[in-house]
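To start, the structure under review is shown below, and the notes come after it.
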Amino acid sequence: MNRSFNKSQSLRYLDCNAVEVKSKYGAEFRRFSVDRQKPGKFDEFYKLILHIHRIASMEVMIGYADVHGDLLPINNDDNFCKAVTSAHPLLRIFIQRQEEVDYSNFGTNTMTRRKKAVVTLRNDVNRKRPQIRIGMPQDFRPVSSIIDVDILPESHRRVRLYRHGSDRPLGFYIRDGTSVRVTPHGLEKVPGIFISRMVPGGLAESTGLLAVNDEVLEVNGIEVTGKTLDQVTDMMIANSHNLIVTVKPVNQRNNVVRSSRSSGQSTDSSGSAGYPAPPPGSLGAHGLAGDELESDEESDIVIESSIKRPTPKRPPSLQRDHGSSPAFRESNGSLHKILSAMRIDPRHSLALPPGGVEEDGTVITL
Amino acid sequence: MRRFRRHGQESHRDKLKQELYQFNKTVEHGFPHQPSALGYSPSLQLLAIGTRSGAIKLYGAPGVEFMGLHDETAAVTQVHFLPNLVELVTLLDDNSLHMWTLRAHHGVSELLEIGRFVLTGPPGAPPSVTRVTAVLAHSSGELLLLGTEGGHVFVVEVPGFREMEDKSISLESVQSRIPDDYVGRRNLQCVEALQENPLNSRQVLVGYGRGLIVLWDLDARRAVQQFLGTQQLESMWWVPDGGCVLSCHSDGSYCQWKLGEEKIQYAPHRTETPYGSFPCKAISKIVQIPTAKGPPFLIFSGGMPRASYGDRHCISVISGKTHVALDFTSRIIDFFVIQDWDRHKGDPSALVVLAEEELVVVDLLSAGWPVMQAPYLAPLHCSAITCSHHVSSIPLKLWERVRAVGQLQNTQYSNQPWPLNGGQNLAPDPPQRDLLLTGHEDGTVRFWDASGVCLYPMYKLSTSSVFHTDTDPNDNMNQGSEGEWPPFRKVGCFDPYSDDPRLGIQKIHLCKYSGHLAVAGTAGQILVLELNDEALEQAVEVSLVDLLLGQEGFRWKGHTRLEEREEPVNFSPGFQPFALVQCQPPAVVTALNLHSEWKLVAFGTSHGFGLYDYQQRNVVLIRCTLSPSDQLAMEGPLSRVKSIKKSLRQSFRRIRRSRVSVRKQHTNNPAKLQEINARMEAEALQEMELAPVQRKIEARSSDDSFTGLVRTLYFADTFLSDSTHRTASLWAGTNGGSVFAYALRLPSIERRNEDVVTAHPVKEIQLMHRAPVVGLVVLDGRGAPLPEPLEVAHDLARSPDMQGSHHLLVISEEQFKVFTLPKVSSKTKLKLTAVEGSRVRRVGLAWFGSSQTEEYGESGLVVLTNLGELHVLSLPHIKMQVHYSCIRREDISGIASCVFTKHGQGFYLISPSEFERFSLSARWIVEPKCLVEVPLPPSTSSASPTAYRTQPDGMAVKHRKDNEESESSAKRVMEHALLNDETVLQQIQKALEGDQTTHVENNMKIKPRRGNVMSNGD
């Protein structure tokens, strides 16, 4: 670990391995250098920053301006290393207090614009572009994913929409239509189900994986051929907690290209809507564990109250004693609040870890 | 090895399934929808009804029913039985003729279509030449006379449908002999009527639209006599003694013409306009029948004074000084008169009238001509059916009491036996007594004997007397003032107009052991009734229940509640109400249950549910299920109607505006006009593209409307809070996927009148998928559903297993889930919607007995989906067993009307007036089994026609005989063929060769009756 806290300006020219760092916190600047080849660990760098600025007791967020002028965060070894190696000629560090961090600044060309604004005062185009807010990585959760790429034909796409915990609408419409299929008798027009509309701001639109006029081929592994629009609607709504739609995108240019095999086979097979019930985990065959599909739906909420307590109106008042339940320790005792929140929207309960609380006659099973 | 064993088990299960389940649509109960034709065979004593959808139904003695369906969906316009034969001919709207026969097969008759025919005219003739307007089935049984729109009469030989051109009565040959001064000479118009001379079968009367009537001799092929009527002809009747002919006309008059006088009669012997002086409507049919001692009966339909009574549907019956105008509530299709014995001599015994909505039979033998109660064709829809409830295996005691009080209501009916007695009913007696209860829009509940093939009315309960309604019940439309002319008499019970839609019955629950009945209606009213054999005057005790529990912020915008009568009401013997619960807001009752052992009634609306103790007459529990965001639940049915009206008005306005704007731009320049049109078209197209049929994909949330609507209520004696002590409990399921469970504390029987019943909330389950909960069942330790209240006490069910652990089966529209009890945790489930895209609409528990072994049976869950498919699920493992498609998915009202019996049968409405009965059980099937035998040839003593028949044309008779002989021999041979004899084949060959029936055989299309003929489990 090479720490050179030399403030000398000449360092730049003397040692090509050293990267000059200009660190700014509020109106204060500090200058120092780090080794370009061996920048060291983020933790150490973080401590160094706190030490230099004499703000040891504070939680800060460290950001740097990259070559494009974007403000990017430094919060792990990787992006620290990247910041140091890509610094040219000097690494400009910006420190913000954790509670004051304005995430909207990150990644949005902020640094350049500030500069350019000086040069071209009339650069209104840039200024009016809406700022996209990007959360911290720990705040991210999956919204959608493309799955089973390896087993589907390239022209098809299987999209999984995660709706847990979100109150964002699923947000799309389907319609009847005709699609053209290749059959042994040549091209044939067959009825199909298509996406007809996206609700602006809805989950489906925000994923960018579904589009108007995409043909719906399967819903959670069950083919929709021969099913009416109402049937498919009911199927989708019944699966809305964890919806997996296989579509044939109307725009075939963004398909995932596979090098291995170019199967022209249609979607296959195992997900047929046979009677009496499709084999359990028919999707499992596509590499998706059946359990995974089931996991987040089965949490029917049961509230049981003791027969002795004559509470005619709900909800039963609950005791604050959670000694027996490790699962609820985090909730800081406001179980009642959680419970009433769940009553309004039980989907929230999914954020709670599985397990139960048991206490004098009142049982909550989640 | 393992695989093999499992396979073996599966095949065993498959075999068992075959023994347990079998799907048949067995019989249609009620009155055919849109009847269009009536036929009657005096020799078979059968009546036939054709419908606009192309169905043909035959009825004879009670239980004797046949049904056939034409391949074409064209309406049946005429039905004619061939005299003294088992064949009948139907004429359809599309001008095709069809021949049907009743053929015995395995000792049971089947209705089969055996031939079809379309009249082909000379080449190049206009279609009116062959458009059939009148049909006469000649008494010889081998000729069919077809009068057409063009005025020709074609003669066709049956059953082969061979046109006999030499016999036809051409328009020219008739016209040429008419005196030149006859007004209608140039255009005789269509053949309106054909009648055979009752004394000489070789003579027929041909009546033309313009009024001309010609007596034609079939053998001489010339007109014998001509009657130059000048009024538009409607129909004719040949008086049975053969002496004169009656013709009825469009001006409401009828004429009498004497036969055998001058060759050409210029004016009728007598003309009469029964309802006189002012212009009258047409008399569409007239019948005159003499009686052995006394004046003849003159019966005709129509003829009412146009201005004052032109809208009435009347049949007038005149006998001597007695004159009655039977006033029907729906249009009259046709009528006929049943004569006592022989067709030509008997006194008229009954008048059978087919109106559009019901069949009315008037007893002409008894004084006052009372109406007879029909054993079939019951008008189920006399007021629209709003709900139905089936109760299986009624104890004999209750059955007889209901029947007794029902008979007290039927005093106005005739005591004469049912006059139609054709065929034999071979079906075994039904294994049990079943009641079907239908709730109607006018607040009545009708009790039907649904045990057998005939749905027979047993008792009618009216709930409207409890309330103040706009109409006074004493105001009977029946009572015409004294000396009124025409002398109207209201007949029939079809009355589609409800005085107050709030009276409509929505839910019914009958306890067959205690005779307690709960009935709930549209305006939140719940009546508790008790069967009483005596009349009683009592005041009904009223409890008002505020289901909102005084919550602020909700305002009910729907109808007001019904106003109950405070003074004591006189109730006739039968089910008499003693307690009334009025929900506030008065929304329609959506769930109802009655526990006769605990004497509790549970009820639910879109706002919540309540529990009423009808022993102590107090409310035990009120629970509001409304979610704060649910405003729609407060709208009530009326305001939504208003909004539809509003939107309609808006769209009309929009249309008008666009028309106006076009008119303003009115221009003579065609190019401009074209441009405007094109633009309009494009706009319309764009609008269409903007709004394609699309469905929103959105997860259900708690904010959805009507989540609080209570869908199901259930009483159970089970382990609700701990696994050692069982408690009485009430369960409720809502539209939003919630289940509420309350423990009930019931006082001991001795203290039942003093101590109060209490209810405590114990559990709430919120289903994650939020689909409406449509059924709740507790399964006992053996996995069997808990028995009904009092069932064990009456030794009719084994007591439930209280040792093993109980389970709760929650049936939502999308899933079936089994939870453990008392600690509720999910055990098994079956997803329906997620997998098949169908939703549960109706659900019932049924016991399926094996058709092979008497002792084996299983209980199962019967489910009807929104796609009209029936599923049977095993219990307690909820595995799909069988499925059948039963109802068209478009038939939403049919699906909604379905009820299941406890023995795997069910009913659903195929029209507003007809129940289709189906059976899922292989053991219990109720279906008609009947035999109709070929009548004996008419006895020679009475047969003047036969004398005539042999006289002029011996050939035809002989030919007919041959035909009959060969046919019967063919039948005989066919029966032998079953024995697999080698020589039989040759015999068949021989019999068929040179046989007229070949033609028939070629034309024959086997038309199986619905369902197969199955042997009953007994």
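Can you pull out every residue in segment B:414-452 that is of a type in the set (V, I, T) and buried (at least 22 other Cβ atoms within 10 Å of the Cβ)?
B:T438, B:V445
Residue check: is B:T101 among the polar types (S, T, N, Q), in contact with a Phe, Trp or Tyr (Cβ under 9 Å, 6 or more places away or on another chain) and not assigned by the TED database to the domain that holds B:E927? No, not satisfied. Determine if segment B:372-390 includes at least one residue that is within 22 Å of B:S572 (Cβ to Cβ), in a strand (DSSP E or B) and in contact with a Cys (Cβ under 9 Å, 6 or more places away or on another chain). Within segment B:372-390, not a single residue is within 22 Å of B:S572 (Cβ to Cβ), in a strand (DSSP E or B) and in contact with a Cys (Cβ under 9 Å, 6 or more places away or on another chain). Residues that are touching a residue at least 60 places away in the same chain (Cβ under 8 Å), under 20 Å from B:I338 (Cβ atoms), crowded, with 18+ Cβ neighbours inside 10 Å and not small (G, A, S) are absent from segment B:7-26 altogether. When each of B:G868, B:G837 is tested for being at positive phi and within 11 Å of another protein chain (Cβ to nearest Cβ), the lone residue that passes is B:G837. Of all residues in segment B:272-292, those being touching a strand residue (DSSP E or B) at 6+ places or on another chain (Cβ under 7 Å), closer than 12 Å to B:R306 by Cα and surrounded by fewer than 18 Cβ atoms within 10 Å (Cβ to Cβ) number 1. Within segment B:556-572, can you find the residues that are within 19 Å of B:R502 (Cα to Cα) and assigned to a loop (DSSP other than H, G, I, E, B)? Result: B:W556, B:K557, B:G558, B:H559, B:T560, B:R561, B:L562, B:R565, B:E566. What residue, among those in segment A:178-225 that are within 14 Å of chain B (Cβ to nearest Cβ) and at positive phi, is surrounded by the fewest Cβ atoms within 10 Å (Cβ to Cβ)? Per the criteria, the residue is A:G201. The set of residues in segment B:212-223 that are over 19 Å from B:V183 (Cβ atoms) and part of a strand (DSSP E or B) comprises B:L215, B:W216, B:D217, B:R222. Inside segment B:490-546, residues that are assigned to a strand (DSSP E or B) and either over 24 Å from B:E400 (Cβ atoms) or not acidic (D, E) (or both) make up a count of 29. Name the strands (runs of 3 or more DSSP E) wholly inside segment B:34-127 in which the number of residues that are modelled with pLDDT of 90 or more, more than 28 Å from B:S201 (Cα to Cα) and of a type in the set (K, R) is 1 or more. By residue number, B:55-59. Being of a type outside the set (V, I, T) and assigned to a loop (DSSP other than H, G, I, E, B) holds for only one residue in B:G783, B:G775, and it is B:G783. Which numbered condition in (1) of a type in the set (S, T, N, Q); (2) in contact with a helix residue (DSSP H, G or I) (Cβ under 7 Å, 6 or more places away or on another chain); (3) under 23 Å from B:Q256 (Cβ atoms) is the only one that B:Q189 fails? The single condition B:Q189 does not satisfy is (2). When B:S893 is tested against (1) within 11 Å of chain A (Cβ to nearest Cβ); (2) outside any strand (DSSP E or B); (3) under 27 Å from the mean Cα position of the chain (by Cα), just one condition goes unmet, and that condition is (1). Please determine, by comparing only the residues of segment B:893-918 that are touching a strand residue (DSSP E or B) at 6+ places or on another chain (Cβ under 6 Å) and among the small types (G, A, S), which one is nearest to B:V862 (Cα to Cα). The qualifying residue nearest to B:V862 (Cα to Cα) is B:G904.
The values are calculated or read from the model by the stated rules, or taken from the named source; none is laboratory data. Predicted model only: the values in this text are computed from it and were never measured. Backbone-built Cβ (ideal geometry, glycine too); neighbour counts: all protein chains shown.
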